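Everything below concerns the one structure shown next.
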Amino acid sequence: MLEKKPKSNFKRLLGITGASVFVVEAVGIAVSYGLWYKLNTEREFRLYMHKNYNWVLEGYYVLGEKVGGLKTRELDYKVWSNEGKI
């Protein structure tokens, strides 16, 4: 007859740690995508980020310029200037 041996504490800890890392990474990716989507679709949110978290918006602009060749920065500044928001 086969004897059952309990899992060692090390294997249990390793499994819990691996699952935790997976969950944290999945949440991080979801939050990053949500932030990118909102930056990509809402000019008013970009204005809020410009006033409060400029470093995040700069990263968004640089990524868009390098990867997609987009001129979102110039268009945003032009619209904001015409509306008197900056």
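Roll a 1.4 Å probe over the protein chains and send me the accessible area per residue for the chain in Å².
Per-residue value: 83 Å².
Of all accessible surface on the chain at a 1.4 Å probe, what whole percent is carbon and sulfur?
Exposed carbon and sulfur together represent 64 percent of the surface.
If you put +1 on each Lys and Arg Cβ and -1 on each Asp and Glu Cβ, how big is the dipole of the range 36-85 around its Cα centre, in Debye rounded to 20?
Taking the Cα centre of the range 36-85 as origin, the dipole is about 0 debye.
Calculate the radius of gyration of the Cα atoms of the range 36-85 to one decimal place, then report Dmax, the largest Cα-Cα distance, as a whole number, both in Å.
10.3, 30
If you plug each phi of the range 51-58 into the Karplus form 6.51 cos²θ - 1.76 cosθ + 1.60 with θ = phi - 60°, what whole-Hz ³J(HN,Hα) values come out, in order, with x for Gly and Pro?
7, 10, 10, 4, 5, 5, 5, 4
Output the peptides 19-28, 2-11 sorted from most to least packed, where packing is the average of other Cβ atoms within 10 Å over each peptide's residues.
Ranked from most to least packed, the peptides come out as 19-28, 2-11.
Select one label from (i) 9.2; (ii) 7.2; (iii) 10.6: the one whose number is mean projected area of the Cα convex hull in nm² as derived from the coordinates shown.
(i)
So what J values fall out for the range 11-23 if you push phi through Karplus, 6.51 cos²θ - 1.76 cosθ + 1.60 with θ = phi - 60°, rounded to Hz, Gly and Pro as x?
For the range 11-23, the Karplus-derived couplings read 5, 5, 5, 5, x, 5, 5, x, 5, 5, 4, 4, 5 Hz, x marking Gly and Pro.
Just to be sure I understand the model, the point goes 7 Å from the Cα along the line to the Cβ. What's the resulting E83 to F22 distance in nm?
4.3
The values are calculated or read from the model by the stated rules, or taken from the named source; none is laboratory data. Remember, it's a predicted structure, so these values are computed and weren't measured experimentally. Reconstructed Cβ throughout: ideal geometry from the backbone, glycine too, with neighbour counts over all protein chains shown. For the accessible areas, the whole protein counts, side chains as well, though only heavy atoms, and no ligand, DNA or RNA atoms are used. Shrake-Rupley method; radii C 1.70, N 1.55, O 1.52, S 1.80 Å.
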